[in-house]
1. Check the range 101-115 and report whether any residue there is part of a loop (DSSP other than H, G, I, E, B), closer than 12 Å to P80 by Cβ and under 17 Å from the mean Cα position of the chain (by Cα).
2. Tell me, which residue of the range 87-108 that is touching a strand residue (DSSP E or B) at 6+ places or on another chain (Cβ under 9 Å) and charged (D, E, K, R) is most open to solvent (accessible area, probe 1.4 Å)?
3. Are any residues in the range 137-168 in a loop (DSSP other than H, G, I, E, B), of a type in the set (A, V, I, L, M) and in contact (Cβ under 8 Å) with a residue 24 or more places away in the chain, and if so, which ones?
Amino acid sequence: MEELFGVDLSSIGQGYLSPADWDTLNNVCNFVIMQATYGTITDEQIANNQAQARRVQAAAGPLGITYYHFAYPQFAVNTPQASAQTFLSTIGERQVGESLALDWEQPYGGDQVKWICDFSDYVYAETGRHIDWLYLNQSQESSIDWSPVVARGIQLWLAKYDGSKTAVATAVHWPSVSIKQWTDIDVVAGNPGK
């Protein structure tokens, strides 16, 4: 399997409000995963990030582009449907090859699998496709039966902070790990955050 390297861009989680240097990112990364929304709020940099990612992809290709929604399910206003609607309206029409993901990190006392499936089902109803990836940490992935999510064809983006870019990650409920996020502290040229 070919190894590809990418960067996760978020103005909230990464603590930056200045724009990324997209020409540099395109030279050091195969793909970018950028936060579009969190809860029912739009990331401050998504319009610029989207425009710049598409610009460098068109000029130099083949930069992979994924948009993600950071879920805040613990707040009643952030229903799966409201969150998915905000997410889709923020990113607008996807271009060929662009992917969607859901970042699931916040504590939630409800049915996590149902919330995620409802979010993805809304995306499917609006676009004809489920989300492509679900971001989980190892503890989450191994402690819950994710089979309804896996059955929708949603791939796993796993947080496994082992410090190794190349070590293969394994999963309990998915046949394989599609994306391994191996660190949250590395500095990537062109990314103003970590």
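The values are calculated or read from the model by the stated rules, or taken from the named source; none is laboratory data. Computed from a predicted structure; not experimentally measured. Quick reminder, even Gly has a Cβ in these numbers, built from the backbone with ideal geometry, and neighbours come from all protein chains shown. Quick note on the areas: whole protein, heavy atoms, side chains included, nothing else; ligands and nucleic acids left out. Shrake-Rupley method; radii C 1.70, N 1.55, O 1.52, S 1.80 Å.
1. Initially, the range 101-115 is screened for residues part of a loop (DSSP other than H, G, I, E, B), giving 104-111.
From the residues that got through so far, the ones that are closer than 12 Å to P80 by Cβ too are 104, 108, 110-111.
Next cut, under 17 Å from the mean Cα position of the chain (by Cα) only: 104.
Yes, because at least one residue in the range 101-115 is part of a loop (DSSP other than H, G, I, E, B), closer than 12 Å to P80 by Cβ and under 17 Å from the mean Cα position of the chain (by Cα).
2. Only one residue fits best here, namely E105.
3. I144, I154
So that you can scan it fast, the table gives a plain yes or no per residue for (1) open to solvent by 40 Å² or more (accessible area, probe 1.4 Å); (2) of a type outside the set (S, T, N, Q):
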site	(1), (2)
D121	yes, yes
G128	yes, yes
D132	no, yes
L136	no, yes
W146	no, yes
V150	yes, yes
G153	yes, yes
G163	yes, yes
T166	yes, no
